[in-house]
Amino acid sequence: MKAVVMAGGEGSRLRPLTCGRPKPMAPVLNRPMMEHVVDLLKEHGFSEIGVTLQYRPEDIREYFGSGADYGVHFRYFVEETPLGTAGSVKNAAAFLDETFLVISGDALTDLDLTQAVEFHRRQGAMATLALTRVDCPLEYGVVVTGEGGRIIRFLEKPGWGEVFSDTVNTGIYILEPEVLNYIEPGRMFDFSKDLFPLLLKNNKPLFGLVLPGYWCDVGSLRQYLEAHYDGLSGKVKIKIPGREVSPGVWVEEGASIDPGASIDGPALIGGNCLVGGGVRIEPFTVLGQGCMVQERASIKRSIVWNHVYVGSGAELRGAVVCSRVRIQPGAGIYEGAVVGDDSVIGGGSVIKPDVKLWPYKRVEDGVTVQRNVIWGTCLPRKIFGFEGVTGTANAEITPEFGSRLGAAFGSVCGAGSRVLVSSDSYPASRMIKSALACGLQSAGAGVWDAGAGTTAMHRFAVRSLGCRGGVHVRVSLLNPDRVTLVFSNSRGGNISRGEERKVEGALFREDFLRAEASRVLPPCYVPGVSESYLRGITRSLDVGAIRRAGFKLVLAYDEANLGRFISWLCDELGIKVVNACGQEPEGEIWSRQAGREKAAALARMVEIGGADAGAVLDSGADRLILVDERGGLVQEDLLTALIALLILKGRDGPVVVPVTAPRIIEKMAGRYNGRVIRTKTALPDFLDKVLSREVDNVAQFFLHFDALAALGRVLEFMARQGAALSELVAEIPGFFVHRREVAVPWETKGRVIRQLIQDPPAGELELLDGVKVYHPDGWALILPDPDEPVCRVFSEASSMEIAESLTDFYVKKVGEIAGLKK
């Protein structure tokens, strides 16, 4: 038998689900709605199927093809202009030479079509309408039938005063070819509004049959959710893909579920999904193909489409999330909310109930969205953060994004510019580096590849090789799931804010230089960069003094990324090394927090093993924690003070420290007739000042941002002075600092800073970076974070008790100004 599937609908009532796709292609239980319709037709013996198309016809053609994969044969009929439901079927008249069935491609049903065909033939009907009963008929076409099912009246979407029946039209019709003679070709003509009233007026045999079973026209977002719930619960008889691994839980092929995850059915987990430990999947949840759900995320009564990333601790409740959406850790999306394709939901942000986000939207971290967002773009206006561009590897920072960003940077640098690329040793970083290199080449830049190494090695190589700039890709120090792209200028420092804006502008406008094929330059691999960098460190040291001292060190470091650097440097300096980490699990990525945790264990090893000192280096050798021979930790502010002491005693020029550093550095400078220059906390500002003509001290530059160079310098000082590390630390006057952070929504940060300046709690203010307020016994600094919806509060005082009280006071005050609940 023949059937016609009407699949031309745009589905405007289902937006944003149907933005960029015809309504029949919206998925129900991980398959397009139309596929369920085709299954029903095949089940009832319909093998020749005509498909009427109008909106995005290529989407349906490409997916379904000839129909061979479904055991049927398709013929497609495309409307050049909208013709209405009946007009679209008239467009397929050449195909319809026998009794045929018409059905919508965007409804979900299991009605008995065979029963309807048999009734049609038994009654000798020209047209038979399949009917169903609904509780509220106001949104449907009501059909009133008489004896034998003959239709006597139509009411299209009646008011309650006109409701004479709860029997409604399902849009499923069995028709004889002669009905097409009543449809005028080439103009809008509808079944319910035009054809059936015309047949009724001409007293043609028009019948209706109420069929038992399930029918839903999926005409609203609420019905879309309900269709999934009904499919999972078995209320509608449709195929659920995958294998039922436990009662009500279906899992498709290739899905990986951590044993610590909890899944309560009914639920469907799509193919190749990754579900992490501690995840809670609660009833009536569907995950599409290739989704990644991170640890402790919770999803309930939500429909998640393909390739969606759900970060740790995120919550979804009764929401619909379209394809390729990235939901960052701690975000919440609630009842009735819909997030369109390719959107990004920032960490800690909230999408309120019934809010709709159209595709390609970005919600910044910590933002609460309370109304629909239709216009805008996916990318924020600002992608550069504290140290560069940071995002989740292969979710936010993808190879595609990396290539475009490389093209933008190459366009800013200019055709023919020499640009250095490097990365740490992790595969994700190397992947993004390769993508960046492709983008740089496409813009005509000359790509020099320094291979795998540290950020400091990259900065050294950019300077020594005379490059216009460079990009180093490394795993984030704060979160091993994220990568950071550090963009450097010709001096090895971070690019300026002005250059960042140029790169962002080129990226957002896609205003890229495009080199002709003959002018695309091949990449150049630069051998021996790591060895040159290490020799640069030792050239500035008194190697003989360090070797004579015969130091024994306990070190904790990332063997995969730093092993060859540590081995070469310690051999050159004659240092005996005890590896505090032993054999780390293969592939483990260090974070800054992991380094702090290792420092406590390392301190005990130093003290017990009689070592001269110990050190913890983070995975990229950007940060250092020292341990003296007594097990005392030297980190953060104390390490800054120690570096300042080495510079002052070595007469190496002015000391550059951030505005957050303790005031005792000025006291030490007075003791050694030195000078202190304070800068903003942002890395580009600090590096610019260290490398400026006023200071121009490359050694100080690497002391602060190169753990290997800093360790060598400290050991040299110990060897020359004949002093233990604890004795050097004892030269630093005592100080008491404290820090906390307070959550502040992006939209209230400006108000917080303005009010603190207008109404300061104490007399003297400093506005170099944030708001620094001086009190008789100390100071407090309130600093808005550029990357997160928080303000950080730093304090220093004559005692820890006073420092803590200052911090607590300003945390409370910031919260009050921001209107945060206590």
Handout entry: From ARG31, ARG21, ARG56, ARG13, residue being among the charged types (D, E, K, R), touching a Ser or Thr at 6+ places or on another chain (Cβ under 9 Å) and closer than 30 Å to PRO359 by Cβ
Key = ARG13
Problem - Residues satisfying the stated conditions in the range 601-615, i.e. β-branched (Val, Ile, Thr) and over 16 Å from VAL634 (Cβ atoms) - result: ILE608
Problem - Members of the range 732-784 found to be in a loop (DSSP other than H, G, I, E, B) and under 24 Å from MET800 (Cα atoms), listed by number - result: ILE732, PRO733, GLY734, PHE735, PRO760, PRO761, ALA762, GLY763, ASP769, GLY770, PRO776, ASP777
Handout entry: Which numbered condition ALA395 misses (of (1) open to solvent by less than 30 Å² (accessible area, probe 1.4 Å); (2) of a type in the set (A, V, I, L, M, F, W, C); (3) in a helix (DSSP H, G or I); (4) farther than 17 Å from PRO522 by Cα)
Key = (3)
Problem - Residue list for the range 430-451, filter: open to solvent by 20 Å² or more (accessible area, probe 1.4 Å), in contact with a Lys or Arg (Cβ under 9 Å, 6 or more places away or on another chain) and either at pLDDT below 95 or of a type in the set (A, V, I, L, M, F, W, C) (or both) - result: TRP448
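To keep it simple, each residue is scored yes or no on (1) under 23 Å from ALA408 (Cβ atoms); (2) aromatic (Phe, Trp, Tyr); (3) more than 26 Å from the chain's Cα centre (by Cα).
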{"residue": "HIS458", "(1), (2), (3)": "yes, no, yes"}
{"residue": "GLY466", "(1), (2), (3)": "yes, no, yes"}
{"residue": "VAL473", "(1), (2), (3)": "yes, no, no"}
{"residue": "ASN489", "(1), (2), (3)": "yes, no, yes"}
{"residue": "GLU499", "(1), (2), (3)": "yes, no, no"}
{"residue": "ALA506", "(1), (2), (3)": "yes, no, no"}
{"residue": "PRO522", "(1), (2), (3)": "yes, no, yes"}
{"residue": "SER530", "(1), (2), (3)": "no, no, yes"}
{"residue": "LEU534", "(1), (2), (3)": "no, no, yes"}
Practice task
Give the residues of the range 462-520 that are at pLDDT 85 or above and among the polar types (S, T, N, Q), sorted by residue number.
Solution key: SER464, SER476, THR484, SER488, ASN489, SER490, ASN494, SER496, SER518
Fill in the blank from the handout: Checked the range 698-708 for anything open to solvent by 20 Å² or more (accessible area, probe 1.4 Å) and either of a type in the set (A, V, I, L, M, F, W, C) or modelled with pLDDT under 65 (or both); matches are VAL698, ALA699, PHE702, PHE705
Exercise for the section: Inspect all residues belonging to the range 806-817 and state whether any of them is open to solvent by 10 Å² or more (accessible area, probe 1.4 Å) and assigned to a strand (DSSP E or B). Expected result: no
Problem - Subset of the range 775-788 [crowded, with 16+ Cβ neighbours inside 10 Å and over 32 Å from the mean Cα position of the chain (by Cα)] - result: HIS775, GLY778, TRP779, ALA780
Fill in the blank from the handout: the range 474-579: helices (runs of 4 or more DSSP H) wholly inside it with 1 or more residues that are touching a residue at least 40 places away in the same chain (Cβ under 8 Å), open to solvent by less than 10 Å² (accessible area, probe 1.4 Å) and closer than 24 Å to GLU387 by Cα are 497-509, 529-539, 559-573
Fill in the blank from the handout: Taking first residues from the range 259-276 that are at positive phi and second residues anywhere that are open to solvent by 20 Å² or more (accessible area, probe 1.4 Å) and in a loop (DSSP other than H, G, I, E, B), the pairs with Cβ under 7 Å that are 6 or more apart or on different chains are ASN272/GLY254; ASN272/ALA255; ASN272/GLN289; ASN272/GLY290
Handout entry: Residue under evaluation ILE643, criteria (1) in contact (Cβ under 8 Å) with a residue 24 or more places away in the chain; (2) open to solvent by 20 Å² or more (accessible area, probe 1.4 Å); (3) within 28 Å of GLU766 (Cβ to Cβ), criterion not met
Key = (2)
Fill in the blank from the handout: When the range 181-200 is checked residue by residue, the ones that are closer than 7 Å to GLY87 by Cα and of a type in the set (Lys, Arg) are ARG187
Exercise for the section: For the range 229-264, name all the residues that are in a loop (DSSP other than H, G, I, E, B) and over 25 Å from GLU43 (Cβ atoms). Expected result: PRO247, GLY254, ALA255, ASP258, PRO259, GLY260, ALA261, ASP264
Fill in the blank from the handout: For the range 357-375, pairs from a residue that is touching a residue at least 40 places away in the same chain (Cβ under 8 Å) and closer than 17 Å to ASP341 by Cα to a residue that is open to solvent by 40 Å² or more (accessible area, probe 1.4 Å) and part of a strand (DSSP E or B), with Cβ under 8 Å and 6 or more apart or across chains, are LEU357/VAL373; TRP358/VAL373
Problem - Within the range 713-733, tally of residues that are over 20 Å from ALA603 (Cβ atoms) and surrounded by fewer than 18 Cβ atoms within 10 Å (Cβ to Cβ) - result: 5
Handout entry: Single match in VAL304, VAL344, VAL286 (criterion: open to solvent by less than 30 Å² (accessible area, probe 1.4 Å) and modelled with pLDDT under 95)
Key = VAL344
Handout entry: Number of positions in the range 206-222 that are open to solvent by less than 40 Å² (accessible area, probe 1.4 Å) and outside any strand (DSSP E or B)
Key = 7
Exercise for the section: Give the range 603-628 a look and list any residue that's more than 41 Å from the chain's Cα centre (by Cα) and surrounded by fewer than 19 Cβ atoms within 10 Å (Cβ to Cβ), or say none. Expected result: GLU607, ILE608, GLY609, GLY610
Fill in the blank from the handout: Selection from the range 332-348 of residues farther than 20 Å from PRO789 by Cβ and in a strand (DSSP E or B) yields VAL338
Fill in the blank from the handout: Selection over the range 2-11 where residues are open to solvent by 10 Å² or more (accessible area, probe 1.4 Å), part of a loop (DSSP other than H, G, I, E, B) and touching a Leu at 6+ places or on another chain (Cβ under 9 Å) yields a count of 2
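Yes or no, residue by residue, for (1) within 30 Å of LEU521 (Cα to Cα); (2) open to solvent by less than 20 Å² (accessible area, probe 1.4 Å); (3) in a loop (DSSP other than H, G, I, E, B):
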position: ILE383; (1), (2), (3): yes, no, yes
position: THR390; (1), (2), (3): yes, no, no
position: GLU400; (1), (2), (3): yes, no, no
position: SER403; (1), (2), (3): yes, no, no
position: PHE409; (1), (2), (3): yes, yes, no
position: ALA415; (1), (2), (3): yes, no, yes
position: LEU420; (1), (2), (3): yes, yes, no
Problem - Filter result for the condition that a residue is open to solvent by less than 20 Å² (accessible area, probe 1.4 Å), part of a loop (DSSP other than H, G, I, E, B) and in contact with an Asp or Glu (Cβ under 9 Å, 6 or more places away or on another chain), over SER323, SER312 - result: SER323
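The values are calculated or read from the model by the stated rules, or taken from the named source; none is laboratory data. All values reported here derive from a predicted model rather than from experimental measurement. Positions of Cβ are backbone-derived with ideal geometry, glycine not excepted, and every protein chain shown enters the neighbour counts. Note: accessible area is taken over every heavy atom of the protein model, side chains too, but ligands, DNA and RNA are not part of it. Shrake-Rupley method; radii C 1.70, N 1.55, O 1.52, S 1.80 Å.
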